[in-house]
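The structure under discussion appears below in the form of structure tokens.
The values are calculated or read from the model by the stated rules, or taken from the named source; none is laboratory data. Everything numeric in this text was worked out from a predicted model, so none of it was measured. Quick reminder, even Gly has a Cβ in these numbers, built from the backbone with ideal geometry, and neighbours come from all protein chains shown.
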Amino acid sequence: MTSAFHVYFGQDAVAATPRVRRLSIGDCFAALKEGIDDFFAMPTYPIFVGLFYAVAGIALFAMTSFAHALHLAFPLAAGFALIGPFVAIGLYEMSRRRERGLAVGGRDAFTILRSPALPSILALGVLLLAIFAAWLFAAELIYVRLYGPEPPAAAIPFVQDVATTARGWALIVVGGLVGFCFAALALALSVVSFPLMLDRDVGLVPALETSLRVTRSNPLAVALWGLIVASALILGSLPVFFGLAVVIPVLGHATWRLYRKAIERDPAHELPIEGPVNPDLTRNPVLRFVFIFLDMIGVLRDEKETRQT
């Protein structure tokens, strides 16, 4: 059983304090370019994750409509990106394997389930979920303050009111500023923390501290990265969230590449690459379906490459 100390302070937390590099503006665009390259080189699992993300976003929007909570539709759609770094953890593992020259398949993303840092990764995921919940609570308070306790009854009248009245613009401005604060906090905490815990057994607290040091040492670069992420998510959300099927995988791979530029390598303390997924995992009906789907995509891709050659 993993001890609480190991969750918060991993085995290498004291022996190998991560060293932070200076990031340039060009590093952000270079990481994005490398993330796009990873996406095209490994398109199976990223596409699946992106589609799941898109469907989840659509489902969240539909649920708010049926529950007469239209005022929370935007905070849900935007705030859902807070947990994106956690959802993309498998993408980091795929980029990690590719940079070492290993063959990468869809199942390799699930080897994180065998990582000694998994409890720390889950703990940070819970923290991001708490920030997400706080964002929604704040959005609800702002709406109640400006509009009263009654939720909007229909989408079109509510959108018209928000766009054409003083209280609507106040909702946009105040909600946007509060949302920006939550997003900035989440970015500062997670810009390199998930990749760092996957790469080294440092624990939750040192990972958060390192991520904050990266932000403090590179405010312009991290701010630009946040702008790139926000802009990409907005563009991906416009066609009814389906653009996220491309945007999320690209950003996931690019985040790993940015981590490599922000933190100096320390091969002596990097976790070894895990072997094939434990066959016992395939007994889970959900994972079994996922693996069948990934294997089918892989076969189709191999057949296409064979015909092209």
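For beta carbons closer than 6 Å, sequence separation of 6+ or different chains, a first residue in the range 222-241 that is in a loop (DSSP other than H, G, I, E, B) and a second that is surrounded by fewer than 20 Cβ atoms within 10 Å (Cβ to Cβ) and at pLDDT below 95, the qualifying pairs are PHE241/ILE58. The set of residues in the range 103-143 that are of a type in the set (Ser, Thr, Tyr) and either surrounded by fewer than 17 Cβ atoms within 10 Å (Cβ to Cβ) or outside any helix (DSSP H, G or I) (or both) contains only SER115.
Output the residue which, of all residues in the range 1-24 that are loosely packed, with under 13 Cβ neighbours inside 10 Å and farther than 29 Å from GLY105 by Cβ, is modelled with the lowest pLDDT. Per the stated criteria, the residue is MET1.
Kindly evaluate LEU212 against the criterion of being touching an Asp or Glu at 6+ places or on another chain (Cβ under 9 Å), in a helix (DSSP H, G or I), within 30 Å of HIS269 (Cα to Cα) and not aromatic (Phe, Trp, Tyr). No; evaluated as a whole, the condition is false for this residue. Per the conditions (1) at pLDDT 60 or above; (2) under 28 Å from ASP108 (Cα atoms), the sole criterion not satisfied by PRO46 is (1). Just one of the numbered conditions (1) more than 25 Å from the chain's Cα centre (by Cα); (2) free of Cβ contacts under 8 Å to residues at least 24 places away in the same chain is not true of TYR147: (2).
Each residue in the range 184-199 was checked for being surrounded by fewer than 24 Cβ atoms within 10 Å (Cβ to Cβ) and more than 15 Å from the chain's Cα centre (by Cα), and 0 pass.
Any idea which residue in the range 245-273 is surrounded by the fewest Cβ atoms within 10 Å (Cβ to Cβ), counting only those that are free of Cβ contacts under 8 Å to residues at least 24 places away in the same chain and farther than 16 Å from MET94 by Cα? Looking at the filtered set, the residue picked out is PRO267.
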